[in-house]
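Asker: Pasting in a structure now, in structure tokens, and then I'll have a few things to ask.
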Amino acid sequence: MYYLVMVQVSSFEELISLIKDRLDIVDVVSQFVALKKSGANYWGLCPFHGDKKPSMSVSPSKGIYKCFSCGAGGDALNFLVKIQNREYKDVIFELADKFGFELPKKFHAVNENKNIKKDMLLACKRAAEFYHEELFSSGSDAKAGMELLIKRDISHDIITAYNLGFAPNKYDSLYKNLKKDFSDEILEKAGLIIKSNNGGYIDRFRNRVIIPIRNENGEYVAFGARAIKDGEAAKYLNSSESLIYNKSRILFGMDTAKDYIKEQDGVIIMEGYFDVISAQSHGVRNAVGSCGTALTPEHVKLISRYTKSRRIYLSFDTDKAGINATKRGSAVIKETLSAIGNVKQFDESHISSVSDDKYACEIRVVSPPQGKDPDEFIRNMGGDAYLEYAKNAPLLIDFLLNNTLKNKNEAKTPQEKAELVSQIIDILKDVNNKIIQTEYVKMVSGIIDVDEKALIKELAKAGADNDYHFRVQDSNRNVTNSSQLEIKAQKNLLSVFLTIDSPLSYMRLNELLPENIIRDEKLIIVKNTIDKISCTINNVRELTKELYTQFIEDDSLTQILTDLIGYSEAFSGLSADEFERAVRENISRLNRLYQEKEKKELQLMYKQVNDDEIQALKMQMQLRDKLKLRTGD
Ligand SMILES: [Zn+2]
């Protein structure tokens, strides 16, 4: 085939580098976005958010794209990976093929892995087909399987759409069927067979209804298997994790739901396979399931790619276990998205004075009163009734409050009442906006008949505790979450390393930079990576290219890097003297910001600990030292 033109490459790094040299940012972006030239750059509608006017700029000279609205940015390879939503390694292999690069020898292992994955996917697909056919066989076991589905109102159409199947009550029916086409190794790796006691292999699933699990691209990667009789040891068995199945990254029904999640800008998360199947087949098309595992940060990231408002509906069982799952799930969502901003905590329609903040996410809870789980509810009441509930679903905070307030009549003794109040404080203390918090206090105090002022006092206590611990921790660490102003100043300073035709060497720049001047966690990573790379590369273009490669799997670092390249423009064209002066000015500015902040923190701590005299004295001295330091500067 390509033998004559194949280029031998010695390492994966070299391969990426060669591929990047062949990618032209304008060509690459133009394949997906209509671009218009304006000055030195090109502009187009950003494909990563609902862009109304062209916010994305493409710079052919810098080889990068950047959206000034949503912040997305990176180089050509990053654009290809992001827009196709694919693993970067797959994109690299595809481009290597296209450009005629022969993969490095030591990469054959990875390549082999790729072939193994391919075979595993194929084996799973064939297994799904086998199980599906078995469901329609005339044996009495299969009939029991079919009855179970019919009892759950699962029609023939649904069986076909989800390729539901049946694993016969024999030890080797699937194995016998597949072993002529697949090696034992592949079948075992795919989780279809397991080693038996006598050394041979047997089917993993026997006498169970089979629910095939597909990844977001619709490829078969695993199976869920439900026992025919309710009394059996394990109601559900699942495939174990494999090269193609990472259960913390896969959501059941994602392949059929993803377009609807995008279209409706929201996702409904359920627990069970049959919840999702019932929902999707009754018109609740944006439902997915976290089957067999609790919601993970990877799940949250996966769905965030499809709903840009990150509107997430949790729809678990309405029993106690379901409420706990709701609490756990929402904690994971908040934690995962905390870097972006706050959770939406109030419906605007309820209060007029709230500004239209941008939210990190919106979590709502769908918990209809009838029916224990979404599957039952939808089958009894229909998909439209469910959608109506979803439309009016309360925000997480309202759901939690209602759920706590439900028990208010059981709290009779002062102790019980105090316990109730503490549960409520626990929910309300997470509300960041003080106006909203006050509104909630008013509402709650009326309902549980506790003085509004007492509630506010408790809330202030809980909040102060939080603040205090946070700040003490904060000032004890050099790595902090800096304010926006500080981040900007740090980025500005760091960008000097990426200035094209800089008159100063990396060594000189590093001499100029005081220790500890970069304090933001992410920016420290960027700085350390620059230090590492600049030992071998002494050219800004090569440096940025290599940095993009190193950060290829981290979107936030890629965006920071793109920002830095933008900031670096301010330093270009300066003489060595001017450059050095600009760097020094930036350093002093940043130092001033840090000192201001430390002073404020100390003042605050001083105010908070003035009950404790010795501690207060210590702080006072520290504060005095700081102020002295500042004036002596
Ligand atoms: Zn954008």
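Asker: Checking GLY100 against (1) among the small types (Gly, Ala, Ser); (2) within 12 Å of the ligand (Cβ to nearest atom); (3) farther than 21 Å from LEU498 by Cβ, which test does it fail?
Answerer: Every condition holds for GLY100 apart from (2).
Asker: Now a separate question. Does GLU601 satisfy being of a type in the set (D, E, K, R), part of a helix (DSSP H, G or I), touching a helix residue (DSSP H, G or I) at 6+ places or on another chain (Cβ under 6 Å) and surrounded by 19 or more Cβ atoms within 10 Å (Cβ to Cβ)?
Answerer: Working: of a type in the set (D, E, K, R): yes; part of a helix (DSSP H, G or I): yes; touching a helix residue (DSSP H, G or I) at 6+ places or on another chain (Cβ under 6 Å): yes; surrounded by 19 or more Cβ atoms within 10 Å (Cβ to Cβ): no.
For GLU601, the condition - of a type in the set (D, E, K, R), part of a helix (DSSP H, G or I), touching a helix residue (DSSP H, G or I) at 6+ places or on another chain (Cβ under 6 Å) and surrounded by 19 or more Cβ atoms within 10 Å (Cβ to Cβ) - is not met.
Asker: In the list PHE274, PHE316, which residue meets the criterion of being at negative phi, hydrophobic (A, V, I, L, M, F, W, C) and outside any helix (DSSP H, G or I)?
Answerer: Result: PHE316 is the single residue among PHE274, PHE316 that is at negative phi, hydrophobic (A, V, I, L, M, F, W, C) and outside any helix (DSSP H, G or I).
Asker: Can you go through ILE202, ILE269 and tell me which one is surrounded by fewer than 21 Cβ atoms within 10 Å (Cβ to Cβ) and assigned to a strand (DSSP E or B)?
Answerer: ILE202
Asker: Which of (1) part of a helix (DSSP H, G or I); (2) surrounded by 18 or more Cβ atoms within 10 Å (Cβ to Cβ); (3) away from the ligand (no atom under 16 Å from the Cβ) does LEU122 not meet, given it meets every other one?
Answerer: Looking at each condition in turn, LEU122 falls short on (2).
Here's the yes/no breakdown for (1) assigned by TED's automatic domain parsing to the domain that holds LEU547; (2) free of Cβ contacts under 8 Å to residues at least 40 places away in the same chain; (3) among the aliphatic types (A, V, I, L, M):
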{"residue": "LYS491", "(1), (2), (3)": "yes, no, no"}
{"residue": "SER502", "(1), (2), (3)": "yes, no, no"}
{"residue": "MET507", "(1), (2), (3)": "yes, yes, yes"}
{"residue": "ILE518", "(1), (2), (3)": "yes, yes, yes"}
{"residue": "LYS522", "(1), (2), (3)": "yes, yes, no"}
{"residue": "LYS527", "(1), (2), (3)": "yes, yes, no"}
{"residue": "ILE530", "(1), (2), (3)": "yes, yes, yes"}
{"residue": "THR536", "(1), (2), (3)": "yes, yes, no"}
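Asker: Something else: Scanning for something of a type in the set (Ser, Thr, Tyr) and in contact with a helix residue (DSSP H, G or I) (Cβ under 7 Å, 6 or more places away or on another chain), does region 412-420 turn up at least one residue?
Answerer: Taking every residue of region 412-420 in turn, none turns out to be of a type in the set (Ser, Thr, Tyr) and in contact with a helix residue (DSSP H, G or I) (Cβ under 7 Å, 6 or more places away or on another chain).
Asker: While we're here: Restricting to region 48-61, what's the tally of residues that are at pLDDT below 90 and buried (at least 16 other Cβ atoms within 10 Å of the Cβ)?
Answerer: 2
Asker: Of everything in region 40-63, what is farther than 29 Å from GLU263 by Cα and either under 27 Å from the mean Cα position of the chain (by Cα) or of a type outside the set (D, E, K, R) (or both)? Give them in sequence order.
Answerer: ALA40, ASN41, SER59, PRO60, SER61, GLY63 - these are the residues of region 40-63 that are farther than 29 Å from GLU263 by Cα and either under 27 Å from the mean Cα position of the chain (by Cα) or of a type outside the set (D, E, K, R) (or both).
Asker: Which one of GLY218, GLY191, GLY231 is at positive phi, exposed (fewer than 15 other Cβ atoms within 10 Å of the Cβ), of a type outside the set (Val, Ile, Thr) and not in a strand (DSSP E or B)?
Answerer: Sole residue among the options that is at positive phi, exposed (fewer than 15 other Cβ atoms within 10 Å of the Cβ), of a type outside the set (Val, Ile, Thr) and not in a strand (DSSP E or B): GLY218.
Asker: Are there any pairs with C-beta distances below 6 angstrom linking a residue in region 169-193 that is over 22 Å from TYR245 (Cα atoms) to a residue that is among the basic types (Lys, Arg), with the two at least 6 apart or on different chains, and if so which?
Answerer: As it stands, the answer is ASN169/ARG206, since those pairs meet every condition given.
Asker: Where in region 1-77 are the strands (runs of 3 or more DSSP E), entirely inside, with at least 2 residues that are within 11 Å of the ligand (Cβ to nearest atom)?
Answerer: In region 1-77, the matching strands (runs of 3 or more DSSP E) lie at 56-59, 64-67.
Asker: Take LYS82 and tell me if it is in a helix (DSSP H, G or I), closer than 30 Å to ILE560 by Cβ and within 16 Å of the ligand (Cβ to nearest atom).
Answerer: Numbers: in a helix (DSSP H, G or I): yes; closer than 30 Å to ILE560 by Cβ: yes; within 16 Å of the ligand (Cβ to nearest atom): yes.
Yes: the conditions hold for LYS82.
Asker: Only one of ASN207, ASN169, ASN197, ASN163 is among the polar types (S, T, N, Q) and modelled with pLDDT of 95 or more. Can you tell me which?
Answerer: Values: ASN207 fails: modelled with pLDDT of 95 or more; ASN169 fails: modelled with pLDDT of 95 or more; ASN197 fails: modelled with pLDDT of 95 or more.
On inspection, the qualifying residue turns out to be ASN163.
The values are calculated or read from the model by the stated rules, or taken from the named source; none is laboratory data. Keep in mind the model is a prediction, meaning the values are calculated, not measured. Note that each Cβ is placed from the backbone with ideal geometry, even for glycine, and that neighbours are counted across all protein chains shown.
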